[in-house]
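Asker: What follows is a single structure, and I will ask about it in a moment.
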Amino acid sequence: MFFQICEAQCSQIGKLATGYYNLPREVLQSQDYTTEWFYVDADTTQYCCDIKNVEVFTNPILKNLKTQIINRSNESFYNQLEFEHLIVYYYESKSIRNFNDIKFKLNQVGSINFKVSYRFKDPNNAVYRFELGTDSMGNIISEQMFPDLEKNPNALNIIEPCKAIEIVESDKRFEGKTIKSIKLLFDQIENSFYWKVEEDGEKQIDKKNVKFENWDEFISLNFLISSSGQILKVTEEKHRIVYCGL
């Protein structure tokens, strides 16, 4: 089993939010060219087209990605992934004037890159989304923000979110504070998942004395909890908020 399952959900489990890794834009888009893109997902029409309409191009990409993901993790991990969407980046081509035509003639538009998004959901209903960038053949050219299980066979052995919350709430630095969210994230350097527990710092503001249209500032704490239950780091995050009134 990949994860331990909560025997009894804790009171704060409702704060479980989606963790994500967004691919930096510069990985796939060059500043030297005008880059166009279009978006297709697994089963619905988005922006332009259903993935079935361009599957002659997308199927080899997804097949190649499947092989690379399995080689890095394993087939069981891959089977827990849900394909969300694929974005095709291509450089503006004068050879095709009709924008809609480009979508079905990718072999005529020159250099192409793909961004593919996957969704991972663990037995505790924690969701982690990550994106991979590939070249025109589907070879990964971005950081791989999912576990290399050969190097770390225990990468998927993660404490339950309720336990991570318990660790944070028992820490003196969190005394008198409330939780805003808890997210499952991945650390590429450590090759391991971890929990990020965020304080609801807005609770510090006295709403009775708020001056509308004025900026209020507050600092919230972020606790990073390792897969084994150790506090890796506690960071401070500054926020500014304005309340608008009639």
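Asker: Criterion first (open to solvent by 20 Å² or more (accessible area, probe 1.4 Å), modelled with pLDDT of 90 or more and of a type in the set (Ser, Thr, Tyr)) does SER136 satisfy it?
Answerer: Against the criterion (open to solvent by 20 Å² or more (accessible area, probe 1.4 Å), modelled with pLDDT of 90 or more and of a type in the set (Ser, Thr, Tyr)), SER136 does not qualify.
Asker: Let me ask something else about it. Is it the case that some residue within segment 24-31 is more than 20 Å from ILE140 (Cα to Cα), at pLDDT below 85 and of a type in the set (Val, Ile, Thr)?
Answerer: Taking every residue of segment 24-31 in turn, none turns out to be more than 20 Å from ILE140 (Cα to Cα), at pLDDT below 85 and of a type in the set (Val, Ile, Thr).
Asker: Go through segment 116-131 and count every residue that is crowded, with 21+ Cβ neighbours inside 10 Å and either of a type in the set (Lys, Arg) or farther than 14 Å from PRO147 by Cβ (or both).
Answerer: 3
Asker: Next question. For segment 209-246, give me each residue that is of a type in the set (S, T, N, Q) and modelled with pLDDT of 80 or more.
Answerer: Filtering segment 209-246 for residues of a type in the set (S, T, N, Q) gives 209, 214, 220, 222, 226-228, 230, 235.
Scanning segment 209-246 gives SER220, ASN222, SER226, SER227, SER228, GLN230, THR235.
Asker: Pull up segment 43-98, narrow it to residues that are of a type in the set (Val, Ile, Thr) and farther than 18 Å from MET137 by Cα, then point me to the one that is modelled with the highest pLDDT. Quick ask: steps written out before the conclusion?
Answerer: Our first condition is that a residue be of a type in the set (Val, Ile, Thr); within segment 43-98, this holds for 44-45, 51, 54, 56, 58, 61, 67, 69-70, 87-88, 96.
Among the residues that remain, those that are also farther than 18 Å from MET137 by Cα are: 44-45, 96.
Numbers: THR44: 51, THR45: 49, ILE96: 54.
Only one residue fits best here, namely ILE96.
Asker: Find the residue count for segment 157-168, including only residues that are open to solvent by less than 90 Å² (accessible area, probe 1.4 Å) and within 14 Å of GLU199 (Cα to Cα).
Answerer: Total satisfying the criteria: 4.
Asker: Picking from PRO153, PRO147, which residue would you name as being under 13 Å from PHE77 (Cβ atoms) and open to solvent by 80 Å² or more (accessible area, probe 1.4 Å)?
Answerer: PRO153
Asker: Got at least one residue in segment 191-199 being over 13 Å from PHE223 (Cβ atoms), among the hydroxyl-bearing types (Ser, Thr, Tyr) and assigned to a loop (DSSP other than H, G, I, E, B)?
Answerer: No, every residue in segment 191-199 fails to be over 13 Å from PHE223 (Cβ atoms), among the hydroxyl-bearing types (Ser, Thr, Tyr) and assigned to a loop (DSSP other than H, G, I, E, B).
Asker: Further question: Restricting attention to segment 173-182, does a residue exist that is in contact with a strand residue (DSSP E or B) (Cβ under 7 Å, 6 or more places away or on another chain), among the aliphatic types (A, V, I, L, M) and crowded, with 21+ Cβ neighbours inside 10 Å?
Answerer: Yes, some residue in segment 173-182 is in contact with a strand residue (DSSP E or B) (Cβ under 7 Å, 6 or more places away or on another chain), among the aliphatic types (A, V, I, L, M) and crowded, with 21+ Cβ neighbours inside 10 Å.
Asker: While we're here: Suppose we filter segment 170-182 for residues that are out of contact with any helix residue (DSSP H, G or I) (no Cβ under 9 Å at 6 or more places or on another chain) and either touching a residue at least 40 places away in the same chain (Cβ under 8 Å) or hydrophobic (A, V, I, L, M, F, W, C) (or both); how many remain?
Answerer: Adding up the residues that qualify gives 2.
The values are calculated or read from the model by the stated rules, or taken from the named source; none is laboratory data. Keep in mind that this is a model prediction, so the values were computed, not measured. Virtual Cβ from ideal backbone geometry, glycine too; neighbours counted across all protein chains shown. Side chains included, ligands, DNA and RNA excluded: accessible areas come from the protein's heavy atoms. Shrake-Rupley method; radii C 1.70, N 1.55, O 1.52, S 1.80 Å.
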